[in-house]
Every structure is written in C-alpha cells, then in structure tokens.
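Since every read-out is calculated from the coordinates, none of them should be taken as a lab result. Since this is a predicted model, take the numbers as computed values, not measurements. Note: ideal-geometry Cβ built from the backbone for every residue, glycine included; neighbour counts use all protein chains shown.
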Amino acid sequence: MQHQYSTKLSYKAKKGMFPAMRGKLFEGDVEIATFKRAGVSNGWISPIEYKFHSQGARNRFDDFADCLSIEESIEALIED
C-alpha cells in the first residue's frame, strides 16, 4: 500500500553517537513536522521527539500510524 508520508534526515550521527538524528516529516511534498533523537545515554536510547506544525497534520499522521505510536511510525519511515 502506497502512502504520502516520508522523512528527510538533516543530521545522522556517526558511529559512536548513533542513533542521534534530526530530520523533517513530509506529507507529500509539504513539511508537516520536525523530529530529533539524542544519542545513547547510560545505555538508554532516547525516544524520538517531534513537533508538528499544525494539529490537523498531527491528527492525519496519527490516523496513518494506526496501532503504532507516532515515534514508532517516524522511525519506520526513516530510510538508511
């Protein structure tokens, strides 16, 4: 099934600081959110933090995410 969501990373940490990253979430060709994740701290991988540009965009993405959390859905969209 094809969907309209994609991500674009603006920063991805090199080995040692993985999985630190920053990026943008797109609906079609429109940026709807930004997201980031810090590196590993005390053996703990930080959760993805996100900020949607509108409540409508968040609601549409949440509907798309279905049974996954928004964080899990963003992570699944990130291409290596």
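Structural remarks
- Leading residue by the ranking (farthest from the chain's Cα centre (by Cα)) among those in region 29-80 that are of a type in the set (D, E) and under 12 Å from P19 (Cα atoms): D80
- Taken over region 65-78, the residue count meeting the criterion of being loosely packed, with under 13 Cβ neighbours inside 10 Å and under 12 Å from Y5 (Cα atoms) is 1.
Residue-wise test of (1) in contact with a strand residue (DSSP E or B) (Cβ under 6 Å, 6 or more places away or on another chain); (2) free of Cβ contacts under 8 Å to residues at least 24 places away in the same chain.
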{"site": "K8", "(1), (2)": "yes, yes"}
{"site": "R22", "(1), (2)": "yes, yes"}
{"site": "G28", "(1), (2)": "no, no"}
{"site": "E31", "(1), (2)": "yes, yes"}
{"site": "W44", "(1), (2)": "no, yes"}
{"site": "S54", "(1), (2)": "no, yes"}
{"site": "N59", "(1), (2)": "no, yes"}
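- Among the residues of region 19-64, those that are surrounded by 13 or more Cβ atoms within 10 Å (Cβ to Cβ), outside any helix (DSSP H, G or I) and hydrophobic (A, V, I, L, M, F, W, C) comprise A20, M21, L25, F26, I32, A33, F35, A38, V40, I45, I48, F52.
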